[in-house]
Amino acid sequence: MHLESYELNRLDTMEKKHSNKFYVTTPIYYGTAKPHLGSLYSTLLADVAARWNKLYGHATFFLTGTDEHGQKVAQAAEKAGQLPKAFVDKLVPDYMNMWHKYEFEYNKFIRTTDPEHIHAVQEWVKTVQKKGDIYKSVYSGWYCTPCETYVTETEAGPTDKAPNCSSCNRETNYVSEESYFFKLSAYQDRLLEFYKNNPNFMVPKERLNEVIRFVESGLKDLSISRTTISWGVPFPGDEKHIVYVWADALTNYISAVGYGQKGHENEFNFWWPADLQILGKDIVRFHAVYWLAFLMAADLKLPKKLLVHGWIKVNQQKMSKSLGNVVDPEVLYDNYGADCVRYYLTRSMAITHDSEFSIKDLEERITSDLANDLGNLLNRMLTLAFKNNLAEVPKHTVWNEAGVDLRNACWDAIEEYEQYMNDCQYHMALARLWKYINQVNSYFHANEPWKLAKENRAEFTEIISAVCHSLYTIGFLLWPIMPKKMNELMQNLGKTVQVDSHNIIDLLKDNRWDHIFHLQITQTLFEKPEPAKKEEVMQKEKTEESAVQNYITIDQLMPIELRVGTIEDCQDLPKSDKLYQLRVNFGDFGVRQILAGVRQSFSPEQLIGKQAVFVYNLQPRKMLGTESQGMMLIAKDSDGLLRLVAPQERVANGTRLS
Ligand code: MSP
């Protein structure tokens, strides 16, 4: 379900039908590069929060999108030789497709180049200008383009040299320009007052202290326009200026739900303020200081909660293009499927801290938590029930002690899981639920239903029913994390996950364990990753098309001597079914004996007389007792098809590749 906007009449029915509303936002992603695991993570958290609220029957609105203006995007477009709009137009489908693959049920994908958004930004500027909180002056200071932000005087220190940015540590540029200023300083006290009265405004709470310290240290007025670039929202009434990209971007959270647009007042009043705004720790100041002040200045309500997540690190470092450790969510999707990756990220990343991503951990989670603990439980129960003709599990009324204990444990698990989910401590919620899954496994083992099937049918049925009720609860609770897989699990129990205006969480808590289940066997819920697959992904990590790119420097590349040579002779290497023994002529660089493992793909006739590229300075080594004095390069595609690598036209033997 992807609703682009909520119509007014639909809103009316929503207000009546749903007891509550839930509006969740993600940061909008810079239109400079394709989505990576970090952007996926922010969006996943929002999807989990939205789905969790759907289980309560709340009307939910989940907003995501792209941040398309500003110098950073303009520079990326220029580098690609394109106009900024054409450049971002190409990137947006990458985000949308990826979000669909990962089952993110967003309601709106906002782009800051949308005309409604541009209009809303200008409305905000006009409103605040009327209030007297925007004035014109001259700005001089150090500017960080990657972060689109000025370095404060305190951060820069007393220096004439360009200071590095306090956030990304890259070099800054000195700029001096006429600018419109927002009277941020006027909001210092109101902000501090707000933090004091809302100690739970930010998750994790500790981050709020950092914000308080920053605000207490003194707020300077904020430059909110630029004249040095043109790619942005024209400043109303003075089109020499464009609106500063952060003032433009932050406004998306209100423009998406109708701010500043005639006829959308009800929509705006219904959804705003946001219930949860998700962001990474690098952009806290923009959200917890500037954004709140911008809202105060326009007399708008403030968001209810900010969830600040840590960074996903690879090899102990934040993912970044320049470090070459960017994980491609597409590769993960292709190899493990959306739900397993969703589970791993919510379970293993401690939301409020930085966490290390690794394929090994991902595979271990899939194997132990999903395939063993949960998948096997379902499997064993289904197989046993079918083997003993119990596809229809009848309603059970009187439970013995073990059944009552398990039911109580189930209710406890729901209560505690609910608490963690509402506090956005998703990794804790999952750890708690797994404790229960293990209890169900122990119950199943301890009661040995396979021994009772014939001799005590009533008890056998009770055990199957208890496991079904447990899985039914688990299925709902895990649906926000793994929607597709939990729909499948429910199908195995003859149930469906249907979210509407009913409060499913309350229904689960009140559930007396009196359901009837119509069991169905379908395909295995979770497959363990095959060792081959692991190898494949690891291998991919090492290559160019990989999830993690391992760049080498030019200095590492230069010593590799690649030369063109002609294959003059080709013989089978005795005792080997793969290797050929080649005689290769490198002209002035001599003739060499080189072994190549291409026997299965080429006959000697296909090689003799051909030119190919060789690593000429590889240390000689012996294979099956014969020395190889170099290595032939081969192109191998994903189907295993081999092709020689050679210049398009003949060149002198010994020619070096540069
Ligand atoms: N465009 C701004 C946000 C404007 S919101 C009004 C921006 N964009 S971003 O694309 O650079 O980053 C968006 C989000 O992705 C941030 O919350 C950031 O923390 C998150 N991530 C980027 N890399 C990350 C990791 N390696 N790990 C987790 N999330 C990180 O900032």
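For the charge dipole of the chain, defined by +1 on Lys and Arg C-beta atoms and -1 on Asp and Glu C-beta atoms about the Cα centroid, which residue among Met381, Trp124, Tyr143 has the Cα displaced farthest towards the positive pole? The one lying farthest along the dipole's positive direction is Met381. Residue ranges 370-377, 252-259 sort as 252-259, 370-377 when ordered by packing (mean number of other C-beta atoms within 10 Å per residue, highest first). Amide H to amide H distances under 5 Å link His264 with no residue, where only residues 5 or more positions off or on other chains count and H is placed in the peptide plane. Can you tell me which lysines have their Cα less than 20 Å from the Cα of Lys85? Leave out same-chain residues fewer than eight positions away. Within the straight-line limit of under 20 Å, Lys85 reaches these lysines: Lys34, Lys72, Lys108, Lys240.
Of all accessible surface on the chain at a 1.4 Å probe, what whole percent is carbon and sulfur?
Carbon plus sulfur share of accessible area: 49 percent.
Converting the Cα gyration tensor eigenvalues of the range 192-323 into ellipsoid dimensions via √(5λ) gives semi-axes, longest first, of 26, 22, 17 Å. About its Cα centre, the dipole of the chain is roughly 500 debye, where the only charges are +1 on Lys and Arg Cβ and -1 on Asp and Glu Cβ.
Distance distribution note for the chain: the fraction of Cα pairs above 39 angstrom is 47%. Using the alpha-carbon positions of the range 39-97, Rg (one decimal) and Dmax (whole number) come out as 15.7, 49 Å.
Run the helix sum for the chain: -39,500 (n - 2.57) per DSSP H stretch of 4+ residues, divided by residue count, reported at 222 nm to the nearest 500 deg cm²/dmol. Mind showing how you got there, number by number?
Numbers: 25 runs with 271 residues, N = 658.
Result for the chain: -12500 deg cm²/dmol, rounded to the nearest 500.
Accessible surface computed residue by residue for the chain, with neighbouring protein chains in place and a 1.4 Å probe, gives 46 Å² per residue. Of Thr228, Leu276, Tyr244, which is farthest on the positive side of the dipole of the range 221-295, counting Cα position, with +1 on Lys and Arg Cβ, -1 on Asp and Glu Cβ, and the Cα centre as origin? About the Cα centre, the residue reaching furthest to the positive side is Thr228. With the convex hull constructed from alpha-carbon coordinates only, the range 450-525 shows a mean projected area of 5.8 nm² over all directions. Of the residues Pro574, Asn585, Ala596, the one whose Cα sits farthest towards the positive end of the charge dipole of the range 554-644 is Pro574 (charges of +1 on Lys and Arg Cβ, -1 on Asp and Glu Cβ, taken about the Cα centre). The alpha-carbon of Lys130 sits under 16 angstrom from the alpha-carbons of these aspartates and glutamates, leaving out residues fewer than 8 places away in its chain: Asp238, Asp299. Structure note, pairs Lys395/Lys454; Lys131/Lys220; Lys101/Lys485; Lys90/Lys281; Lys21/Lys301: Cα-Cα distances above 23 angstrom occur for Lys90/Lys281.
Hey, got the dipole for the range 438-524? About the Cα centre, +1 on K and R Cβ, -1 on D and E Cβ, debye to the nearest 20?
Details: 8 positive and 9 negative charges, 43 e Å.
Computed charge dipole of the range 438-524: roughly 200 debye.
Rounded to two decimals, the Cα-based Rg/Rh of the range 352-518, with Kirkwood Rh, is 0.97. If you take the alpha carbon atoms of the range 3-309 and fit the smallest convex hull around them, that volume is 134 Å³ per residue.
The values are calculated or read from the model by the stated rules, or taken from the named source; none is laboratory data. On a predicted model such as this, the values are computed, not experimentally measured, just so you know. Neighbour counts run over all protein chains shown; Cβ positions are idealised from the backbone, glycine included. With ligands, DNA and RNA removed, areas are computed over all heavy atoms of the protein, side chains included. Shrake-Rupley method; radii C 1.70, N 1.55, O 1.52, S 1.80 Å.
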